[in-house]
1. Using the Cα centre as the reference, give the magnitude of the dipole from point charges on the C-beta atoms of the chain (Lys, Arg: +1; Asp, Glu: -1; all else neutral), rounded to the nearest 20 debye.
2. Please name which of PRO135, PHE147, GLN158 has its Cα lying farthest along the dipole of segment 101-169 towards the positive end, using unit charges on Cβ (Lys, Arg +1; Asp, Glu -1) and the Cα centre as origin.
3. Write down the percent of antiparallel bridges among all DSSP beta bridges whose residues are both part of segment 55-145, to the nearest 5.
4. What nm distance separates the two modelled labels at ALA245 and ASP115, each placed 7 Å from Cα along Cα→Cβ?
5. Under a Cβ-Cβ cut-off of 14 Å, what is the net charge of the residues other than ARG166 that fall near it, where Lys and Arg count +1 and Asp and Glu count -1?
6. How large is the helix-only mean residue ellipticity at 222 nm for the chain, computed as the sum of -39500 (n - 2.57) over DSSP H runs with n ≥ 4, divided by its residue count, in deg cm²/dmol to the nearest 500?
7. Give a residue-ordered list of calculated ³J(HN,Hα) values for segment 225-240 (Karplus: 6.51 cos²θ - 1.76 cosθ + 1.60, θ = phi - 60°; whole Hz; x for Gly, Pro).
8. Starting from 0 in steps of 10 Å, tell me what percent of the Cα-Cα pairs of segment 71-199 lands in each bin.
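The values are calculated or read from the model by the stated rules, or taken from the named source; none is laboratory data. Just so you know, these numbers come straight off a predicted model, no measurement behind them. When we count neighbours, we look across all protein chains shown, and the Cβ atoms used for this are built from the backbone with ideal geometry, even at glycine. The protein model used for the area step is the full one, side chains on, heavy atoms only, and it has no ligands, DNA or RNA in it. Shrake-Rupley method; radii C 1.70, N 1.55, O 1.52, S 1.80 Å.
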Amino acid sequence: MSPASGDCHLLELALREDGFAFIGAGVMRALLGNGRAHAAQAWAEFAASWGDLADDNYLAKVGLRRRRRHAVFTATADGDVQRAPHQPHYQSRDYNTLQGGIERWFEPIRPEVADSLPMRRLLGFAHALFGRLAPHVGHWHVEAHQFRIEALPEHHGQPTPEGMHRDGVNFVMVVLLDRHNITSGTTSIHALDGGEIGSFTLTRPLDTAFVDDGRVYHGVTAVAPLDPAQAAWRDVLVVTFRAIAEAV
């Protein structure tokens, strides 16, 4: 067994046993196989695309600030992942008491970003992992969200403004792309009875968290600028996988 396959096995085991897992950037980079020079350039361009996100006007209505883009994909058991037509993001109020119950239309992830090597590797890795955890699922509804949480001296950034929550999906992957001039942003994981069962902070590009959404709650503490005179942000990619019921 190669070191990378051993790490992948441990990741799968942690998700099965604990309902969540944290993978450091070095391990995640090895699992994705992106050590070549051309891949490094692709990842740099991928991370730079977070500078081109649009305002989240829905969140602005409740006085909070966030920038994002959104895309939907379909994935099948044979490994195929295809982008779906642009569509709204929807969560019921059972899962999002702040903004649930409405269709939220966000600016789409740009085609060159959605089709990039980094996005395809991340989607492919998540698809393979979650497919092993749920081998009975033949079709997945996949959503990808580019988020930039901006922190101001008078308004700390809220990565999870809905608080401790579940997303109403099967699995979640959260990948850090960048954090600039911020403090905090600690992820905590809680069992369904409310007790905390883990915490960690994504600090390096490609630090990654995986969550079995049906088994645990997750949330992230507010981020504040280290230097109030400078811009401050936290960039993450959030990918969710929800099983699509097969037609009878």
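1. Numbers: 23 positive and 29 negative charges, 63 e Å.
In total the dipole reaches around 300 debye.
2. PRO135
3. Percent antiparallel among DSSP bridges in segment 55-145 is about 95.
4. The answer from the label model is 3.5 nm.
5. On the way: positive: ARG93, ARG215, ARG242; negative: ASP94, GLU162, ASP167, ASP193, ASP212, ASP213.
Surrounding charge for ARG166 is -3.
6. So the helix-based figure for the chain works out to -7500 deg cm²/dmol.
7. So the Karplus estimates, Gly and Pro as x, are x, 5, 10, x, 7, 10, 5, 9, 7, 10, 9, 9, 9, 10, 10, 10 Hz.
8. Percent of Cα pairs in each bin: 10, 34, 40, 15, 1.
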